[in-house]
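Participant: Dropping the structure in here first, questions after.
The values are calculated or read from the model by the stated rules, or taken from the named source; none is laboratory data. Please read all numbers here as calculations on a predicted model, not as lab measurements. As a convention, Cβ positions derive from the backbone with ideal geometry for all residues, glycine included, and neighbour counts pool all protein chains shown. Protein only, heavy atoms only, side chains kept; ligands, DNA and RNA dropped before computing areas. Shrake-Rupley method; radii C 1.70, N 1.55, O 1.52, S 1.80 Å.
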Amino acid sequence: MAEDARVSVRRVLLVCLGNICRSPLAEAVARKRLAEAGLDVAVASCGTGGWHASEGADTRMIAAARAAGYDLSIHRARQLRERDFADYDLLLAMDSDNLRGLRKLAATQEEAERAALFLEWTGAAPPVEFPDPWYGDAAGFSAAVKLAERGVAGLVERLRDTNR
Ligand code: 4NP
């Protein structure tokens, strides 16, 4: 289904590893841009790992997002759960490791097919991996904001078409 542009997508889950950098950022950008586009699509995020569950977003990520006009201050991390496949139509992973983690939890082929790579599904040119800024410097966090904005622009366009 993730590859079928004609199936309506109303609930999107964005997935990274820790749910403190990339996916909360993409969630905040997506929420803002989807609302601006007038698209009625719910968006949330989580991590395949649970080490940071209930923590806020990384302070470096919060700062870079804030500088670009996105508020991550109320985010709380949570871990991916099996029920997410019932609760979301489309589950978009930030990188291939996250996608493997997602597909491992899928109970059926149909569920596995609703998981895809964020930058691939949103039509970005390769490389379609979203690099993890966690290990890097401030420039990496600013670059992550730009990449999230690029992915979300594609997401909005594709959802506009999908949900028409
Ligand atoms: P994220 O970044 O997956 O973009 O939230 C990470 C945050 C924390 C860790 C790894 C990635 N960690 O290993 O704790």
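Participant: What are the ³J(HN,Hα) couplings of segment 83-97, residue after residue, when phi is run through the Karplus curve with 6.51, -1.76, 1.60 and θ = phi - 60°? Round to Hz, x for glycine and proline.
Facilitator: Karplus values, whole Hz, x for Gly and Pro: 4, 4, 6, 7, 7, 10, 7, 9, 10, 10, 8, 6, 9, 5, 5.
Participant: Now for a separate question. Taking θ as phi - 60°, what are the ³J(HN,Hα) couplings along segment 23-32 by the Karplus curve (6.51, -1.76, 1.60), each to the nearest whole Hz, with x for Gly and Pro?
Facilitator: Once rounded to whole Hz, the list reads 6, x, 4, 4, 4, 5, 5, 5, 4, 5.
Participant: Over the chain, what is the relative contact order in percent, taking alpha-carbon pairs closer than 8 angstrom and at least six residues apart? Working shown, then result.
Facilitator: Working: 314 pairs, mean separation 49.6, N = 164.
Answer for the chain is 30 percent.
Participant: Average the reciprocal distances over every distinct pair of alpha-carbons in the chain, invert the result, and give the Kirkwood radius in Å.
Facilitator: Taking the inverse mean of 1/r over all distinct Cα pairs, the chain comes out at 15.4 Å.
Participant: Search the structure for amide H atoms under 5 Å from the amide H of S45, placed 1.01 Å from N in the peptide plane, and list their residues when 5 or more places away or on another chain.
Facilitator: Correct list: L14.
Participant: For a quick check: with amide H placed at 1.01 Å from N, whose amide H comes under 5 Å from A57's, ignoring anything fewer than 5 positions away on the same chain?
Facilitator: It is H75, by chain and number.
Participant: Modelled label-to-label distance, R11 and Q109, 7 Å Cα→beta-carbon offset: nm?
Facilitator: That separation, rounded to one decimal, is 2.5 nm.
Participant: Take the solvent-accessible surface of the protein heavy atoms, probe 1.4 Å, and return the percent of it on the chain that carbon and sulfur atoms account for.
Facilitator: Whole-percent figure for carbon plus sulfur exposure: 53.
Participant: Here is a further query. Going from most exposed to least, what order do S23, S96, S54 have by accessible area with a 1.4 Å probe?
Facilitator: From most accessible down to least: S54, S96, S23.
Participant: Mind listing the long-range amide H neighbours of L90? Cut-off is under 5 Å, sequence gap 5 or more, other chains count too, H placed in the peptide plane at 1.01 Å from N.
Facilitator: Counting only residues 5 or more places away or on other chains, the set is R11, L13.
Participant: Let me ask another. Looking only at A125, A144, A112, which one moves most when the chain is put into a Gaussian network model with springs between Cα atoms under 10 Å?
Facilitator: A125
Participant: Using heavy-atom solvent-accessible surface (probe 1.4 Å) with all chains present, what is the largest-first order of K146, K104? List each step's numbers first, then the result.
Facilitator: Details: K146 140, K104 175 Å².
Greatest to least solvent exposure: K104, K146.
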